Amino acid sequence: MHTTVAAERTVALAPPEAFALFGSPRGEGWLFGARCDSVAPGAVVSMRLPLDERGGTRGVDVLGRITRVVPSAAVEIEHTQPWRGRLSLRFTPAGSRGTRVQVRASVPPEGVEWLLHRRGVPLPEPPDDGAVRLGAITTASGPGAVYSMSAELMARLAVDEINADGGVAGHRVQLLTADDATDAEQAGVEAERMARLGCRAVFVNATSASFDAVRRVLDGRGVLVVHTVINEGGGDSPTAVRFGERPQAQLDALVAPAMRRADARRWFLVGQSYVWSHGAHASARRAVADAGGHVAGEDLTPLGTTDFTGTIERIARSGADLVLSSLVGADEVAFERQSEAAGLRRSVRTVSLVLEESTLAHIGPRAAAGLQTALGYFEDNPLAGNDGLLARYRDAYGSWAPPVTALSEPIYEAIHRYARVLHTDPDGGPSAHAAALARRIPAPREETIGSRDLVAPRLYVAEVGPGGLEIVDAVAGR
């Protein structure tokens with residue numbers, strides 16, 4: 001059963017004028033914080049709903065896609081973050097020169113739980129029915145939500161497929177999920193809850209800071225921890241496994257070719273002041289030096305930065321003609337959009353380590369044109385089995401579900417792989433299971449979805465062109 005929540009604002013503009021401002025920078029501050037590059041079905045949109053405005057909080061940010069438009073009258077949105085739901089906006093006359101803008105949110109039970117949990121109410125604890133419990137900590141809110149939009153859906157798809165195939169060792173698999181809110185402390189709290197509820201493994205599809213917090217909380221608790229997204233490495237333990245791309249491999253694939261294409265040598269590094277960017281930039285300095293270049297400057301900003309004016313000015317003053325961005329999520333969106341608006345893209349070529357389809361959609365094709373990245377998966381990847389995976393995903397979650405990306409697909413494969421380990425060794429402990437998961441898979445003659453090397457995945461170099469992220473090269477994993 002869904003709960004309907006409504007809010008409205010009246011503006012001193014006629015309906016066509018108010019409608020024309022929806023999603024534009026001029027209307028972003030007051031029209032429910034809406035931002036989109038076009039008001040058309042399929043366009044990505046972010047909004048801020050005043051659903052928990054207490055003590056000066058800024059409301060709930062939702063990320064989704066426009067599904068229906070009635071010019072000057074209505075906009076309908078399907079969103080995934082921070083829960084799956086629908087929004088409906090109506091623009092109706094209010095007096096002779098005004099417009100009443102009404103938004104109605106259809107909030108499912110999991111959305112109500114999320115809102116209550118945000119206010120400090122504990123999440124309900126499911127009864128123990130003998131199922132094998134797995135935890136998935138993803139990022140449904142905060143700056144990281146942009147890149148994590150399909151992660152929970154992919155985790156659920158994996159568990160549904162495992163159960164449809166008979167479960168694990170005769171037991172159904174149950175998935176417990178949580179939002180770390182792009183906050184390491186919150187990730188630790190959620191990990192503690194999952195351990196208390198008997199999860200045998202916790203899959204962390206979130207920042208390195210959140211992974212570190214989860215690993216510390218669960219150390220010695222008999223729970224396997226699996227980090228499923230791109231990371232800087234390190235933090236290993238007998239009961240923790242880190243999958244995903246490493247920055248050194250990415251940079252080896254990107255730095256020297258970028259320098260040759262641009263006939264340039266001076267780099268500026270842009271990142272965030274936490275462990276991921278520190279590790280990535282250390283790798284960048286090595287890769288740049290090996291390619292005969294040098295680093296002209298570096299800027300590290302707090303996670304959640306929205307104004308990069310100072311960073312862009314420092315890049316311009318440095319004389320750099322190449323930029324490496326290790327920014328993630330909403331920070332990367334803001335930096336790339338502001339760089340393009342400031343004209344920086346005309347003189348500087350940019351390489352982005354964490355640029356996948358969801359982040360690209362929010363940056364927009366014009367602001368992202370020419371950006372390059374190197375990741376282990378793209379939605380249009382020619383890998384055998386990928387078409388079937390995408391078809392099952394769309395069948396399960398609909399045509400408006402967010403794209404499957406390099407930052408969400410690995411949690412699907414990791415859960416399937418863990419289920420196979422459990423099936424053959426149901427009584428094994430987290431150390432044995434971690435060793436089994438971390439064991440390198442011999443490279444098959446033809447790599448397929450489900451047989452990929454998640455420890456050191458094959459990388460695909462892609463550039464943003466008219467069709468989105470277009471693969472231009474492949475690099476063997478290592």
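So the values come out like this:
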item: Selected residue (only one of 322, 300 is under 24 Å from residue 146 (Cα atoms) and either basic (Lys, Arg) or touching a residue at least 12 places away in the same chain (Cβ under 8 Å) (or both)); result: 300
item: Residue within segment 114-129 that is without any contact (Cβ under 8 Å) to a residue 60 or more places away in the chain, within 20 Å of residue 449 (Cα to Cα) and out of contact with any helix residue (DSSP H, G or I) (no Cβ under 8 Å at 6 or more places or on another chain) present; result: no
item: Residue check for residue 343: assigned by TED's automatic domain parsing to the domain that holds residue 298 and farther than 27 Å from residue 181 by Cβ; result: yes
item: Filter result (free of Cβ contacts under 8 Å to residues at least 40 places away in the same chain, outside any helix (DSSP H, G or I) and not basic (Lys, Arg)) within segment 413-461; result: 425, 427, 428, 441, 442, 443, 444, 451, 453
item: When residues of segment 389-412 are limited to those that are assigned to a helix (DSSP H, G or I) and free of Cβ contacts under 8 Å to residues at least 60 places away in the same chain, the one surrounded by the most Cβ atoms within 10 Å (Cβ to Cβ); result: 390
item: Test: residue in segment 73-85 that is polar (S, T, N, Q), outside the structural domain of residue 145 (by TED's automatic domain parsing) and either outside any strand (DSSP E or B) or at pLDDT 95 or above (or both); result: no
item: Sole exception among (1) more than 24 Å from residue 361 (Cβ to Cβ); (2) surrounded by 21 or more Cβ atoms within 10 Å (Cβ to Cβ); (3) touching a Pro at 6+ places or on another chain (Cβ under 6 Å) for residue 149, by number; result: (1)
item: Set 250, 186: member being at pLDDT 95 or above, over 30 Å from residue 121 (Cβ atoms) and of a type outside the set (Ser, Thr, Tyr); result: 250
item: Segment 143-155 residues that are under 16 Å from residue 330 (Cα atoms) and outside the structural domain of residue 179 (by TED's automatic domain parsing), paired with ones that are of a type outside the set (Phe, Trp, Tyr) and surrounded by 24 or more Cβ atoms within 10 Å (Cβ to Cβ) (beta carbon under 9 Å, 6 or more apart); result: none
item: Matching residues, segment 418-436, being touching a helix residue (DSSP H, G or I) at 6+ places or on another chain (Cβ under 6 Å) and surrounded by fewer than 20 Cβ atoms within 10 Å (Cβ to Cβ); result: 436
item: Sole exception among (1) of a type in the set (A, V, I, L, M, F, W, C); (2) buried (at least 20 other Cβ atoms within 10 Å of the Cβ); (3) farther than 22 Å from residue 184 by Cα; (4) in contact with a helix residue (DSSP H, G or I) (Cβ under 8 Å, 6 or more places away or on another chain) for residue 295, by number; result: (2)
item: Among (1) aliphatic (A, V, I, L, M); (2) assigned by TED's automatic domain parsing to the domain that holds residue 423; (3) touching a residue at least 24 places away in the same chain (Cβ under 8 Å), the one test that residue 94 misses; result: (2)
item: Tally, over segment 343-360, of residues that are touching a helix residue (DSSP H, G or I) at 6+ places or on another chain (Cβ under 9 Å), under 18 Å from residue 147 (Cβ atoms) and not in a loop (DSSP other than H, G, I, E, B); result: 6
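The values are calculated or read from the model by the stated rules, or taken from the named source; none is laboratory data. If you're wondering where the values come from, they're calculated on a predicted model, not measured in any experiment. All Cβ positions, glycine included, derive from the backbone under ideal geometry; neighbour counts span all protein chains shown.
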